Structure formats: structure tokens, C-alpha cells
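Below you will find the structure I want to go over with you.
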Amino acid sequence: GLEGTPIAEDGFLYITTGWGVVTKLDTRGGVPKMVWQYNPAPDPDYATTVACCGINNRGAVLAGNMVISPVIDGRIVALNKTDGTKVWEVQVADPGKSEVITGAPLIVKDMVVTGMAGAEYGVRGWLEALDMKTGKLSWETKLVDSERLTVGFTGAPLLVKNTVVIGSQGGEWPY
């Protein structure tokens, strides 16, 4: 679904589709004109079998000269903001565990913070920080200590007083 808030900068709009297609529109003349479009080509059969609640993408973020966006199949992709070419791409969610990414990433200094959704299928939630320039993993943390408790999240993480804060979905206390 179209759940992501478009990003506006200098007369351009950046929008995402549920599948992770990113489009840059020039709106400076009053009538939007497509500048470029990037299709990460996720497997439509995979996504529909593991995404519980529709094919969703809650938006991209701008960081320097990049547009950074999630893809429903668990990838994060960084695109050149000017021409839409791929700068880097990394698979962060595990398709074999029914993990998907629907939330917009969060930029914290030189890191891209992301996490997964999928608690409806019993996955254990996590957050990861990727190096903004390379996409390499900087750190990862589990959201809960127990393997028996499943938590994921769908919204974007927030930065509050130097602390990353997330809202959770799903989850079931086993006690």
C-alpha cells in the first residue's frame, strides 16, 4: 500500500510504493514530472506469503546525496538522489524466518537504523545500524531477551535524547 509520507526537498518529491519502488518527481513547475524511478524488483510470490497485513512501505529517508529505502523482502537500498542509481544494497531481514521490512529507516549520525516486522509469524525482533556510506553492519540488538517472546515493529524508529525508541507489534508473553 501507499503508506509512506512523501519526502519534499527543493521542489522534488520522493515517494515509495508498497513493493519498495522509489520515484523522484520534479514539482517545481506545478505539474509533477518523473525524474527517475528505481524498482528493486522484489519477488512478488515471496512477499505475499510472509507479509501478514499487505504489501506496505512506510517511506524512505534522505541522507546527504542519498535516498535510503526499505524493500518488502528485507533489503535496504541506498540510491543516488540525483539520478536514482544504486549506491549500495544490503539484505538485512531473513526471508527464511518470515521477516519483512515495512518501516522507514532512521538516520542517526552516520548510521541507518532499521528493524523488521513479522511478529505475527513468531520471529524475534531486532534493530540494526548500517554504515550510511557502505551499508555494512555497525551493530545489531535483539528487542527481547527471550527466544520465546516474539516482537517486531512496523513504524519508523525515533531518536529521543540520544536513545532509539520503537513501538512494537504482535508479541505474546509465554508465561
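To the nearest 10 square angstrom, how much accessible area does residue 110 have with a 1.4 angstrom probe?
90
Still on this structure, I have one more. Please work out the FRET efficiency for the pair residue 108 and residue 82, using the Cβ-Cβ distance as r and a Förster radius of 22 Å; give the result to the nearest 0.05.
Values: r = 24 Å, r/R0 = 1.09.
It comes out at approximately 0.40.
Further question on the same structure: Would you grab the residues whose amide H sits under 5 Å from the one on residue 35? Only those 5+ places off in sequence or on another chain, please, with H modelled 1.01 Å from N.
Answer set, sorted by chain and number: 24, 25, 26.
Can you run phi through the Karplus equation (6.51, -1.76, 1.60; θ = phi - 60°) for segment 99-115 and list ³J(HN,Hα) in whole Hz, with x for Gly and Pro?
Rounded to whole hertz, the list is 8, 10, 10, 10, x, 5, x, 10, 9, 10, 6, 10, 10, 9, 9, 9, x.
Here is a follow-up. For 106, 13, what's the largest-to-smallest order of accessible area, 1.4 Å probe?
Numbers: 106 30, 13 50 Å².
The residues order as 13, 106, largest area first.
Over segment 68-138, with every protein chain in place, what whole percent of the accessible area is carbon and sulfur at 1.4 Å, could you tell me? Don't skip to the answer; put the middle values down first.
Values: 1290 of 2570 Å².
Here it works out to 50 percent.
The values are calculated or read from the model by the stated rules, or taken from the named source; none is laboratory data. All of these numbers come straight from a predicted model, not from anything done at the bench. FYI the Cβ positions are ideal-geometry reconstructions off the backbone, even for glycines, and counts take in every protein chain you see. The protein model used for the area step is the full one, side chains on, heavy atoms only, and it has no ligands, DNA or RNA in it. Shrake-Rupley method; radii C 1.70, N 1.55, O 1.52, S 1.80 Å.
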